[in-house]
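Asker: Dumping the structure here so I can ask a few things about it.
The values are calculated or read from the model by the stated rules, or taken from the named source; none is laboratory data. No experiment lies behind these values; they were computed from the predicted model shown. Using ideal geometry, Cβ is built from the backbone for each residue, glycine included, and neighbour counts are taken over all protein chains shown.
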């Protein structure tokens, strides 16, 4: 829920600031800045709770904690890439693929009631998926409309 708040609040603030400064809304740019902010926020969890987040991956996956760190850095790089006009469309496609690729970890964690902060099996469980899966689809749509589709006009 926190990443959604970061995304929406950042989007609103950036859109308002852009309107005041330029007298027009540039919603795709505000959307990319907001997604970058959200990705940097969620990347913090990868570093602060790496051990717990590693439990979101099945035991057969090797180097789980390293994967968590790498995906944290990847989130930051993808977020920054969204802000580079020459790269934004390609980065947007890459981010969509990334969001699809990490969804199984969220499903696994929910099915196994993993608490990503502690690594304990006292997480929100299956009900979490009723929120998480639509949220992931929302994030994918957000990236598509703010970066991929926004550059199809050029």
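Asker: Filter segment 118-144 for residues that are closer than 21 Å to residue 98 by Cα and more than 15 Å from the chain's Cα centre (by Cα); which is surrounded by the fewest Cβ atoms within 10 Å (Cβ to Cβ)?
Answerer: 130
Asker: I'd like to know if segment 65-82 contains one or more residues that are outside any helix (DSSP H, G or I) and in contact with a helix residue (DSSP H, G or I) (Cβ under 7 Å, 6 or more places away or on another chain).
Answerer: No, because not a single residue in segment 65-82 is outside any helix (DSSP H, G or I) and in contact with a helix residue (DSSP H, G or I) (Cβ under 7 Å, 6 or more places away or on another chain).
Asker: Does residue 52 satisfy being in a helix (DSSP H, G or I) and touching a residue at least 60 places away in the same chain (Cβ under 8 Å)?
Answerer: Yes: the conditions hold for residue 52.
Per-residue answers, yes or no, for (1) touching a strand residue (DSSP E or B) at 6+ places or on another chain (Cβ under 9 Å); (2) within 14 Å of residue 38 (Cα to Cα); (3) at pLDDT 95 or above:
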site: 77; (1), (2), (3): no, yes, yes
site: 94; (1), (2), (3): no, no, yes
site: 98; (1), (2), (3): no, no, yes
site: 131; (1), (2), (3): no, no, no
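Asker: Next up: Of all residues in segment 103-154, which are under 19 Å from residue 67 (Cβ atoms) and out of contact with any helix residue (DSSP H, G or I) (no Cβ under 7 Å at 6 or more places or on another chain)?
Answerer: 104, 105, 108, 109, 112, 114
Asker: Restricted to segment 13-24, and to residues that are without any contact (Cβ under 8 Å) to a residue 12 or more places away in the chain and surrounded by 12 or more Cβ atoms within 10 Å (Cβ to Cβ), which residue is nearest to residue 140 (Cα to Cα)?
Answerer: Checked segment 13-24; the qualifying residue nearest to residue 140 (Cα to Cα) is 13.
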